[in-house]
1. I'd like to check something: does segment 130-142 contain any residue that is surrounded by fewer than 19 Cβ atoms within 10 Å (Cβ to Cβ), touching a strand residue (DSSP E or B) at 6+ places or on another chain (Cβ under 8 Å), closer than 28 Å to ASP80 by Cα and of a type in the set (A, V, I, L, M, F, W, C)?
2. Could you say whether any residue in segment 46-66 is of a type in the set (Gly, Ala, Ser), loosely packed, with under 10 Cβ neighbours inside 10 Å, modelled with pLDDT of 80 or more and part of a loop (DSSP other than H, G, I, E, B)?
3. Just to be sure I understand the filter: pairs with C-beta atoms under 7 Å, separated by 6 or more residues or on different chains, first member in segment 158-180 and at pLDDT 85 or above, second member assigned to a loop (DSSP other than H, G, I, E, B) and of a type in the set (Ser, Thr, Tyr). Which pairs pass?
4. What number of residues within segment 110-126 satisfy the criterion of being in a strand (DSSP E or B), within 25 Å of the chain's Cα centre (by Cα) and surrounded by fewer than 21 Cβ atoms within 10 Å (Cβ to Cβ)?
Amino acid sequence: MTESELHPFVESIAREARRPVVTDPAARERIMAAVRAEPVPVRQSGVWSRLVAPRPFRLSPASIGLLAAGLVGIGVLVGDLALNRDGQSTAERPSGAVAGQLPVSDTVVRFVYVAPRATTVYVVGDFNGWDTTKTPLSRTSKDGVWSVTLPLSAGRHIYAYVVDGSWSADPHAPLAPDDGFGHANSVKLVRGGSSL
């Protein structure tokens, strides 16, 4: 493409770009006089002046990555210590029975199961890692009513009961879709606020 085929604006811009830049000799002399008039910084000797003197600080990309990873690690540790002041890690923390160790949640939910002949009843679900020994229910009456109160976040939770080692869905709650493990599960919808 030749210059004559270009758009007229492009041609004028190209002509300006090719033109040599001419500076005013007087302007150059004024700038140099201003630079010479600046006072020369005086270096002070001594330990303190060497400590506070500005120095260039350079890090390689690998050093920056290691520094970032270290800062993230420190943040995780400090966050874990701040949230778990009792010394337990999040994995060791029980999700149920002791009020001082309950995780932060949106609402409190009571699970109730009637099993007059049962010796143990546990609730398992997505809120406790499906651990069959983590959240036991307590017998609340001689009629075989078992219950536990848990803090749960708002949302949809899948759960089941384990009664004397056998899995059972909650007969008073909607059933969840098949989980692929052969267990019937129930669904509990939790809204913000108490769901007792």
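1. Kept after step one, since they are surrounded by fewer than 19 Cβ atoms within 10 Å (Cβ to Cβ), are these residues of segment 130-142: 130-134, 136, 138-142.
Checking which are touching a strand residue (DSSP E or B) at 6+ places or on another chain (Cβ under 8 Å) leaves us with 130-134, 136, 138-140.
Of the ones still in play, those that are also closer than 28 Å to ASP80 by Cα are 130-134, 136.
From what's left, of a type in the set (A, V, I, L, M, F, W, C): 130.
Yes - at least one qualifying residue is present in segment 130-142.
2. Kept after step one, since they are of a type in the set (Gly, Ala, Ser), are these residues of segment 46-66: 46, 49, 53, 60, 62-63, 65.
Adding the requirement that they be loosely packed, with under 10 Cβ neighbours inside 10 Å leaves 46, 53, 60, 62.
Then keep just the ones that are modelled with pLDDT of 80 or more; that gives 60, 62.
With part of a loop (DSSP other than H, G, I, E, B) added as a condition, the list becomes 60.
Yes; the residues of segment 46-66 include at least one that is of a type in the set (Gly, Ala, Ser), loosely packed, with under 10 Cβ neighbours inside 10 Å, modelled with pLDDT of 80 or more and part of a loop (DSSP other than H, G, I, E, B).
3. Note: pairs meeting the criteria are VAL162/THR132; ASP164/THR119; ASP164/THR120.
4. As a first pass, look at segment 110-126 and keep what is in a strand (DSSP E or B): 110-114, 121-125.
Pick out the ones that are also within 25 Å of the chain's Cα centre (by Cα) and you get 125.
Then drop every residue that is not surrounded by fewer than 21 Cβ atoms within 10 Å (Cβ to Cβ), which leaves none.
Residues in segment 110-126 being in a strand (DSSP E or B), within 25 Å of the chain's Cα centre (by Cα) and surrounded by fewer than 21 Cβ atoms within 10 Å (Cβ to Cβ): 0 in total.
The values are calculated or read from the model by the stated rules, or taken from the named source; none is laboratory data. Since the model is a prediction, treat every value here as computed from it, not as a measurement. Here Cβ is always computed from backbone atoms with ideal geometry, including for glycine, and neighbour counts include all displayed protein chains.
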